Amino acid sequence: KDDQSLVESDKPKETFADVGGLEDVKKKIRMNFIMPLKQPELFAAYGKEAGGSLLLFGPPGCGKTFLARAVAGEIDANFMHIELQAILSMYAGQTEHNLHDIFEKARLNKPCVIFIDELDAMGGSRHQMRQHHDRMLVNQLLLELDGLQAQNDNVFVIGATNTPWYLDSALRRPGRFNHLVFVPPPEETERETILQLKLAGKPMGSIDLKKIAADTRLFSGADLEQLVQDAVESALERMFESGEIEPITQNDMKNALKSRKATTLEW
Ligand code: ATP
């Protein structure tokens, strides 16, 4: 496999305004990542430099990837999404080399956010041969993280996992992923905000979003997005029949709700 298939890179347009709720998480990220980049002299007075790493954890679909992209959008940075499974499936030796190349590339394209999803997959192998292989990769990642700490590179590493308890303990030691942040399922008012964001700009009848928000306890952002998609489908069907724009109605939302349930329940 060449380097290309190991990372997906782009320049995200999403910003924090697109991420509904999660105000505490955003604040923490603003303070530790975004402000030091925008006002380095203020932060330097406290011995703080731009760059560093952050570990997001929580149930699936609650916005870890979305948030990581929005961080890049906020600071006008490049975004590199590491396909960890692809790296893990390569031959020993090659993996470390590739990981190093990815970090080098990030440095050349700074500011840059490197996002590593399913971080728990690293170091999780039971098989002895694989275990050794994984360990080398974990060690290489630690080396890269330590390198970033030392160099004030304007490269940010955001890791994500659904199962932090499976994470290699070396990765959780201080100075590595130095900020551990829980990304929880949205609260009722946050769900209302997310629904608003997902419906924005679409033809809408009068929909009682408060009621929908109240009826979607433990729904993730992804679940809510799916709900809106289902409702859009129903409106599209009517539009297909009538040949005119048909607004999305409360009833469409209610029907969608019948066939969807919260996926964070299984977490
Ligand atoms: P996984 O652990 O499965 O990788 P995740 O936490 O990374 O999940 P995302 O991929 O970020 O979840 O979320 C899936 C989609 O759900 C996003 O693309 C986004 O559209 C929507 N979404 C999730 N949370 C939010 C939110 N807080 N505000 C707006 N949209 C959200």
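The numbers here are math on the coordinates, done by the rules we state, and not lab data. Remember, it's a predicted structure, so these values are computed and weren't measured experimentally. Cβ: placed from backbone, ideal geometry, glycine included. Neighbour counts: every protein chain shown.
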Given the Cα-Cα distance of Lys211 and Arg172 and 0.36 nm per residue of separation, how much length would full extension add, in nm?
10.0 nm
Comparing Ala68, Ala106, Ala200, which has the greatest mean-square fluctuation in the GNM of the chain with Cα pairs linked when under 10 Å apart?
Ala200
Acute angle (nearest 10 degrees) that the helix 221-242 long axis makes with the longest principal axis of the chain, alpha-carbon atoms
40
Total charge dipole magnitude, the chain, about the Cα centre, Cβ charges on Lys, Arg, Asp, Glu only, Debye to nearest 20:
660
Tilt relative to the chain, helix 94-108 - C-alpha long axis, 0 to 90 degrees, to 10:
70
In degrees, nearest ten, helix 128-151 long axis to first principal axis of the chain (Cα)
90
Counting residues in the chain as N, plug N into 2.2 N^0.38 Å and put the Cα Rg over that result.
1.13
Find how much the distance from Glu49 to Asp10 grows on full extension, using 0.36 nm per residue of separation minus their present alpha carbon separation; answer in nm with one decimal.
11.6 nm
Where does each of Trp267, Trp165 land when they are ranked from fewest to most other beta-carbon atoms within 10 angstrom?
Trp165, Trp267
Residue among Leu167, Leu119, Leu108 with the largest mean-square fluctuation in a Gaussian network model of the chain, springs linking Cα atoms under 10 Å:
Leu108
Leu218 paired with Glu266, simple spin-label distance in nm, labels 7 Å along Cα-to-beta-carbon:
1.3
Return P(r) of segment 11-93 (all Cα-Cα pairs; 10 Å bins starting at 0; whole %; ordered from short to long distances).
15, 42, 29, 12, 2
Charge dipole (debye, nearest 20) of segment 34-146; +1 at Cβ of Lys and Arg, -1 at Cβ of Asp and Glu
120
For Lys202 and Leu180, compute 0.36 nm times the residue count separating them, minus their Cα-Cα distance, and round to one decimal in nm.
4.3 nm
